Amino acid sequence: MKKDIFPINYFKSILTIKRVFTGRKQLNWFQLIIVLLFINGLMMVPLSVNMAKIDSYPVEETYPNAFALLDESVVDELESVEYSEGKLSLPDSFYLETEDGIVGGNISSSKEEQALEAENALIFQENEFVIKDQDNAVSTVRYTNDFSIESITTVEQLQDELSRQWFIQNKGFIVGSLLVSIFILLLVSIVVISLGSSFFVYLTKRGQISTIQTYKESVNLVVNAMGLPTLIAMVIGLVQFNIITMIMIQSFGFIILLLLVFTKTRFSDDVLEEEENRKR
């Protein structure tokens, strides 16, 4: 009988309770690693789709001291601003210095260098604004064509618009960093759960009924049991994204499926053969 090639053999092994158990010998260690990465990738799909929709980021949490410099006096100074084709025009320059830092607009290069020597600074120039927050690296953000602060009347509105501009320029880095971090956390969680569960499944070989012989068989069985719950979690995540709900569906689905496999097979090929003989 011709055997299915990888990964077709894996997908067939996750379709029924019986196949989850009987397919426990099909994958080698390299293929098991690939499948674990694939399972983790499925969990990342709804997260990536959701991240792509993000259009703002609370930059005041990244630069709290610099954004704290924004007050009504800064809003008043920007009332006469004009913006067109990526350029900000102020009829007059301003330079507001406080104990906490400096906010300036339309200032010379020498003045800008002087302002950036302060602990915190926020500088509005013709093509960009510059943020300095204590020991953090100085961030320069170029204005986009849709940038607009001409109608801004409150500090909160100004903070939101500056946050949006900063996020547009740094979206790739922010989203990429978050995705990598979550990918690693999910992968570690899946690997720990898989290897830990496999150890307890492997211990059943000491029983008189179980026909599981190796730890690799246990890992293959567990990975098979994780496949269908993960696919369900991914689909639900695409419909209504909630990472906690997805993890719960994957975890509880895996536990329930593994219990069903044990109930039906007792982890024994002999039990399955006896059941098949009775059906005949």
(message) Let me test this: with uniform point scatterers at the alpha carbons of the stretch 1-159, what is the Debye-based log₁₀ I(q)/I(0) at q = 0.15 1/Å?
(response) -0.82
(request) Kindly express, to the nearest 10 degrees and within the range 0 to 90, the angle between helix 29-52's C-alpha long axis and the longest C-alpha principal axis of the chain. (result) 40 degrees
(message) When the expected Rg is taken as 2.2 N^0.38 Å, what fraction or multiple of it is the alpha-carbon Rg of the stretch 118-230?
(response) 1.99
(message) Once you place label points 7 Å from the Cα toward the Cβ at N170 and D4, how far apart are they in nm?
(response) 4.7 nm
(message) Take D146 and E99, extend 7 Å from each Cα along the Cα→Cβ direction, and tell me the distance between the two endpoints in nm.
(response) 4.1 nm
(request) Name the long-range amide H neighbours of N120: under 5 Å, sequence gap of 5 or more, or other chain; modelled H, no Pro or chain starts. (result) I102, Q134
(request) Can you pull the one-decimal nm distance between simple spin-label points at S251 and D135, each 7 Å off the Cα toward Cβ? (result) 3.6 nm
(request) Would you mind estimating how fast the stretch 96-158 diffuses translationally, via Stokes-Einstein at 20 °C and 1.002 mPa s with the Kirkwood radius over Cα pairs, in µm²/s? (result) 172 µm²/s
(request) Measure nothing but the geometry: give the 0 to 90° angle between the long axis through the Cα atoms of 215-239 and the longest principal axis through the Cα atoms of the chain, rounded to 10°. (result) 50 degrees
(request) Let me know the number of lysine pairs in the chain closer than 24 Å at the Cα, not counting same-chain pairs under 8 apart. (result) 29
(message) Which one, M51, Q26, F38, projects farthest toward the positive side of the charge dipole computed for the chain from Cβ point charges (K/R +1, D/E -1)?
(response) Q26
(request) With a Förster radius of 41 Å, plug the Cβ-Cβ distance of E79 and S177 into 1/(1 + (r/R0)^6) and report the FRET value to the nearest 0.05. (result) 0.65
(request) Would you mind pulling out the separation of the Cα centroids of the stretch 170-188 and the stretch 215-274, in Å? (result) 26 Å
(request) Tell me which label goes with the value of volume of the Cα convex hull per residue in Å³ computed from the coordinates here: (i) 128; (ii) 175; (iii) 155. (result) (ii)
(request) May I ask you to compute the full-extension gain from E126 to E273, defined as 0.36 nm times their residue separation minus their alpha-carbon distance, rounded to one decimal in nm? (result) 45.0 nm
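Would you mind computing Rg(Cα) / (2.2 N^0.38 Å) for the stretch 185-236, counting N as its residues? It would help to have the intermediate numbers written out before the result.
Numbers: Rg = 12.6 Å, N = 52, 2.2 N^0.38 = 9.9 Å.
The stretch 185-236 yields a ratio of 1.28.
So how strong a dipole does the stretch 230-280 carry about its Cα centre when Lys and Arg Cβ are +1 and Asp and Glu Cβ are -1, to the nearest 20 debye?
Values: 5 positive and 6 negative charges, 41 e Å.
Magnitude of the dipole: close to 200 debye.
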(message) Which three extents, in angstrom, do the Cα atoms of the stretch 15-62 have along their principal axes, listed largest first?
(response) 54, 23, 15
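Read-outs: derived from the displayed coordinates by stated rules, not from any lab. Because the structure is predicted, anything quoted here is derived from the model rather than measured. Glycine also receives a Cβ, built like all others from the backbone with ideal geometry; neighbour counts cover every protein chain displayed.
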